[in-house]
Amino acid sequence: MTATGIGAAVRRKEDRRFITGRGHYTDDINRPGQAYAYFIRSPHAHATIKSIDTKAASRMPGVVAIFVGADVAADKIGGHICGWTVHSKDGSAMKTGPSSALANGKVCYVGDEVAVVIAESYPQAKDAAEKVVVGYGVLPAVVDPISAAKPGAPLIHDVAPNNTVFNWHLGDKAATDAAFAAAAHVTKIDLVNNRVMPAAIEPRAAVGEYDSGSESFTLYTTSQNPHAARLVLAAFCGIAPENKLRVIAPDVGGGFGSKIFIYAEETVCVWAAKKVHRPVKWTAERSESFLVDAHGRDHVTHAELALDAGGKITGLRVHTIANMGAYPSLFWSSVPTYLYGPLLSGQYNIPQIYCEVDAVYTNTAPVDAVRGAGRPEATFVVERIVELAARQTGRDPVAFRRANFVTSFPHQTPVLFCYDAGDYGASLDKALELADYKGFAKRKREAARHGKLRGIGFSTYIEACGLAPSQAVGSLGAGVGLWESAEVRVNPTGSVEVLTGSHAHGQGHETTFAQVVSERLGIPIDSVSIVHGDTDKVQFGMGTYGSRSGAVGISAIVKALDKVEAKAKKVAAHLLEAAEGDIEFKDGKFSVAGTDKSVPWGGVALNAYIAHKFSGQELEPGLKEGAFWDPTNFTFPAGCHICEVEVDPETGNTEIVAWTAVDDFGVVVNPMIVEGQVHGGVAHGIGQALYENALYNKDGQLVTGSLMDYCMPRADHLPAMKVGTTMTKAPSNPLGIKGCGEAGAIASPAAVINAITDAIGTEAIAMPATPSAVWAALQKAGRSLPHAA
Amino acid sequence: MAAVSLTVNGKSVTADVDSRTLLVQLLREHLRLTGTHVGCDTSQCGACVVLVNGRAVKSCTVLALQLEGADVLSIEGLAPADGPLHPMQEAFRENHGLQCGYCTPGMILTAVDMVRRKGNELDDHTIREELEGNICRCTGYHNIVKAIAAGARAMGSGAAKKAAE
């Protein structure tokens, strides 16, 4: 390992601009002559639009234009799309109806975009919006998916009877039922996976611009995947063909899934820029973000686990009702299906699994991927029911898990995935040691002495990352391939630009990607620049989500570097007057095997461009190579998280007193950055388990509509964390990387709830486990004081 | 519109602003100092924290017109543009106390004010309590807490060195 190569905790190259306030986020961008957009949103969860009167508003100071649904419809501008077609059990395709960037005749949730006011300043746009009069015919609304699927519920889209998007299933029902019929013990559990909001601290923003000379559009936007945004805006929203549409996603202040999707506001800003012949800027206020950025989770699940007499798991049955919100969104249908059901085997050898998912429209914000996307929901089911089964059958939860671990690889689960590498016992052992599991009983006694209930909770999770092999996801309904691209441009002086289709919004790609290139080419890390987030620079890419940038994005770079090295060896062979096959490349030097003849990297780079030492007809001048990498499998990061809590029985307050995470991410490029990803993911999961709950009232009003009401975890809510790793290489990519961005959010909710239920001795706790919920559970169970237990 | 005169990052500034203009809007939109960020609309997130007369203030919660004669320091003014970083900035970099960077300017200026009020030896508990007004979604705060403790110590040793000189 070199000081800046793979495995080194290199300090981040991107940090200087962020810590000095010189980053460039979308809202920092201002274009000459720009006007400002303010969106008028539905205050009703479900209503027809009877009339929109803009006359008074259009006379307000500074108003440039006001557009409504009919205006976007006249230009055939499309609305929300989902890029993944899921089929129901009966073979029918999911039920999605037409939608519009600005509502056309009907609104389906609070926040739905009804009209846009464009004015000289944002306050003027907002003032004028007050004068727009919208006549609504209020309809009954339904916000919970169980009620929504019942006959007689308000119908949200005509194409979807009973508001049902699909009834999907996975696995062998008959074989699973047979496993249950033969079971010695069956554990049953009912779970709610609470609805969460992504809440990146940077709100979404967009600046749309139109150049009438070149007849081309530019959209600056807060995107995790600018090329996908361009593709959707071109092919589905009808803004402009891709060659006339540039999408730039500059510095982006966190994504967590919410910035994958293409929303109405970005679409309208770029479309309206041509209508008003001026750049149009919009930046969400936090309350707008909470209303319309896609929410996450929101499952109601019943699960059953079958055991034989010896404590081996023989089957798992899961039925989930998934709240999909009011409209499709880009990854929408894949989250409660293919990112969920195939994860239900966890780290365990489960011979039979059957999973059914009913996906239901409600009058709420669309529900799509939030950090983990389906995998946290699956892990919560598996790790809660496994824990409960151990408790019910009087088995030690650690021993029970270990006895059911998958131990040989490859392992084909009954639910699609083939786990290719892992060592679940190793991560469990290391976590137990780091957490001092042996000392837990003593710590519990000490806690009891000062009136606290101490509990310990495990989550031995698995995730499927490195999204994803294109043919595989295509066979499951994905509309796109999930490969990644890279281009390595070597300059004549030997410095390098790497263009990547991945997009960084906190992950530190400018550092980690440069580490890989620097080590491979033997050049200083400062000689490597990473370019991303601009469709005019990077030809195409699939962006960053699903912990894919390391496993897929870096693999594309490695593949391009292979080509660069091969070409450079041809140049070196000419320079060294040797056969190409005799050229070796090591430590930034090309040499002739068995001799002391060599030429440094910079010499080869320069000569590739000067092209004096070889025939330009036999060998093309220049040194620039591109590659597309399509993975051969998902990657399967896995590990063990251990949470220790102390519950105050007087108040129901839960304090997380220790957190241990041991993860197998395969090869780690930068351990400092990987640890940071784990910290953030765990915080996200603890937030879901203890604090966060996106709550609608029965009329469809978002009750948690601001940071005053939606409890994001703050520093004093969270513990310091012990983070360790184990390592089995991912066999499906050249460096053996598995991915780390979502692990914490996937693993942690189950660990927290397992710890609380261990502490309080009752299982009846839902997320978020607020003090009042825990206190009520304690009262109900009659276990208010530790010494009484 | 009304005029307000104040000092921003050591420079005298006079601006004509609407009476409802907030300090953060003055900084970002009038002065194009975009290092101060807006993350919410309820004074919760702390991405907009700047120092006003040396004290940490949420710039989304102060009207520009309230700041006649005030001395405002935003993140851009904490260290010279091409010079060495402030010890607290350096500590955030060294301890990986930031990921997306959006909350970072507010975190750093909150930390500088924390040191002014609480001194150079800050324990984890104090730091976590003092960060009550700043939200980060990326880091889980673990490394922010480490960074602030290290930055506080570095500010102390820097001050001690200066005094010795």
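Restricting A:Lys89, A:Lys76, A:Lys95 to those that are at positive phi, assigned to a loop (DSSP other than H, G, I, E, B), away from every other protein chain (no Cβ under 14 Å) and not aliphatic (A, V, I, L, M) reduces the list to A:Lys76.
You will find that of B:Cys48, B:Cys60, B:Cys100, the residue that is in contact with a Lys or Arg (Cβ under 6 Å, 6 or more places away or on another chain) and closer than 21 Å to A:Asp28 by Cβ is B:Cys48 and no other. Residues of the range B:102-141 that are surrounded by fewer than 20 Cβ atoms within 10 Å (Cβ to Cβ), assigned to a loop (DSSP other than H, G, I, E, B) and either of a type in the set (S, T, N, Q) or facing another protein chain (nearest Cβ under 9 Å) (or both): B:Asn120 alone. Does A:Ala178 satisfy the condition of being buried (at least 22 other Cβ atoms within 10 Å of the Cβ) and more than 31 Å from the chain's Cα centre (by Cα)? The answer is no for A:Ala178. Per the listing A:Thr413, A:Thr407, A:Thr393, the residue uniquely more than 22 Å from A:Pro145 (Cβ to Cβ) and touching a Leu at 6+ places or on another chain (Cβ under 7 Å) is A:Thr393. Any residue that is assigned to a helix (DSSP H, G or I) and more than 21 Å from A:Ile530 (Cα to Cα) - is there at least one of those in the range A:583-600? No, the range A:583-600 has no match at all.
The lone criterion from (1) buried (at least 24 other Cβ atoms within 10 Å of the Cβ); (2) within 13 Å of chain B (Cβ to nearest Cβ) left unmet by A:Ala689 is number (2).
Okay, residues lined up against (1) exposed (fewer than 14 other Cβ atoms within 10 Å of the Cβ); (2) in contact with a Ser or Thr (Cβ under 6 Å, 6 or more places away or on another chain):
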position: A:Pro414; (1), (2): no, no
position: A:Cys418; (1), (2): yes, no
position: A:Ala421; (1), (2): no, yes
position: A:His450; (1), (2): yes, no
position: A:Leu453; (1), (2): no, no
position: A:Ser459; (1), (2): no, no
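Within the range B:9-26, if we keep just the residues that are free of Cβ contacts under 8 Å to residues at least 24 places away in the same chain and hydroxyl-bearing (Ser, Thr, Tyr), the residue that is nearest to B:Pro105 (Cα to Cα) turns out to be B:Ser12. Residues of the range B:37-47 that are buried (at least 18 other Cβ atoms within 10 Å of the Cβ), facing another protein chain (nearest Cβ under 8 Å) and modelled with pLDDT of 95 or more: B:His37, B:Val38, B:Gly39, B:Cys40, B:Gln44, B:Cys45, B:Ala47. Filtering the range A:510-568 to residues that are touching a Pro at 6+ places or on another chain (Cβ under 9 Å), assigned to a helix (DSSP H, G or I) and farther than 24 Å from A:Phe634 by Cα leaves only A:Ser518.
The listed residues are A:Ala240, A:Ala229, A:Ala249, and the only one of them that is more than 14 Å from chain B (Cβ to nearest Cβ), surrounded by 24 or more Cβ atoms within 10 Å (Cβ to Cβ) and not polar (S, T, N, Q) turns out to be A:Ala229. In contact with a Pro (Cβ under 6 Å, 6 or more places away or on another chain) and within 30 Å of A:Arg520 (Cα to Cα): does that describe A:Ala743? Yes: the conditions hold for A:Ala743. Against the list (1) without any contact (Cβ under 8 Å) to a residue 12 or more places away in the chain; (2) within 14 Å of chain A (Cβ to nearest Cβ); (3) surrounded by fewer than 21 Cβ atoms within 10 Å (Cβ to Cβ), the condition B:Thr34 fails is (3). With respect to (1) among the polar types (S, T, N, Q); (2) crowded, with 17+ Cβ neighbours inside 10 Å; (3) assigned by TED's automatic domain parsing to the domain that holds B:Glu29, the lone exception for B:Asn95 is condition (3). Restricting the search to strands (runs of 3 or more DSSP E) fully inside the range A:121-214 and requiring at least 3 residues that are closer than 30 Å to A:Gly506 by Cβ gives A:185-196, A:205-211.
Of the residues in the range A:709-717, at least one is within 14 Å of chain B (Cβ to nearest Cβ) and buried (at least 24 other Cβ atoms within 10 Å of the Cβ). Meeting the requirement of 2 or more residues that are touching an Asp or Glu at 6+ places or on another chain (Cβ under 6 Å) and surrounded by fewer than 24 Cβ atoms within 10 Å (Cβ to Cβ), the strands (runs of 3 or more DSSP E) wholly within the range A:602-685 are A:624-629, A:654-664. Quick one: is A:Arg391 surrounded by 21 or more Cβ atoms within 10 Å (Cβ to Cβ) and of a type in the set (Lys, Arg)? No, not satisfied.
Every residue in the range B:145-158 that is more than 7 Å from chain A (Cβ to nearest Cβ) and within 13 Å of B:Phe92 (Cβ to Cβ), please. Across the range B:145-158, the qualifying residues are B:Lys146, B:Ala147, B:Ile148, B:Ala149, B:Ala150, B:Gly151, B:Ala152, B:Ala154, B:Met155.
Within the range A:245-289, the set of residues being of a type in the set (A, V, I, L, M), in contact with a Pro (Cβ under 8 Å, 6 or more places away or on another chain) and closer than 21 Å to B:Tyr102 by Cβ comprises A:Val247, A:Ile248, A:Ala249, A:Ala284. Restricting attention to the range B:62-78, the residues being assigned to a loop (DSSP other than H, G, I, E, B) and either out of contact with any helix residue (DSSP H, G or I) (no Cβ under 7 Å at 6 or more places or on another chain) or within 13 Å of chain A (Cβ to nearest Cβ) (or both) number 5. On the stretch given as the range A:360-395, residues that are assigned to a helix (DSSP H, G or I) and under 17 Å from A:Val300 (Cβ atoms) total 9.
Take the conditions (1) over 28 Å from A:Val367 (Cβ atoms); (2) loosely packed, with under 12 Cβ neighbours inside 10 Å; (3) not basic (Lys, Arg); A:Ser92 misses just one of them, which is (1).
Screening A:Gly479, A:Gly522 for residues that are under 17 Å from A:Glu565 (Cα atoms), away from chain B (no Cβ under 14 Å) and touching a residue at least 60 places away in the same chain (Cβ under 8 Å) leaves exactly one candidate, A:Gly522.
When residues in the range B:1-53 are screened for being within 12 Å of B:Leu67 (Cβ to Cβ), assigned to a loop (DSSP other than H, G, I, E, B) and among the β-branched types (Val, Ile, Thr), 1 of them pass. Inspect the range A:255-262 for any residue being touching a strand residue (DSSP E or B) at 6+ places or on another chain (Cβ under 6 Å) and within 11 Å of chain B (Cβ to nearest Cβ) and give the result as yes or no. Within the range A:255-262, not a single residue is touching a strand residue (DSSP E or B) at 6+ places or on another chain (Cβ under 6 Å) and within 11 Å of chain B (Cβ to nearest Cβ).
Of the listed requirements (1) hydroxyl-bearing (Ser, Thr, Tyr); (2) buried (at least 21 other Cβ atoms within 10 Å of the Cβ); (3) at pLDDT below 95, A:Ser475 misses just one: (2).
Considering only residues in the range A:308-322 that are surrounded by fewer than 24 Cβ atoms within 10 Å (Cβ to Cβ) and of a type outside the set (Gly, Ala, Ser), the one that is nearest to A:Lys95 (Cα to Cα) turns out to be A:Ile321.
The values are calculated or read from the model by the stated rules, or taken from the named source; none is laboratory data. Given the structure is predicted, the values throughout are model-derived calculations rather than measurements. In this analysis, Cβ positions are derived from the backbone assuming ideal geometry, glycine residues included, and neighbour counts consider all displayed protein chains.
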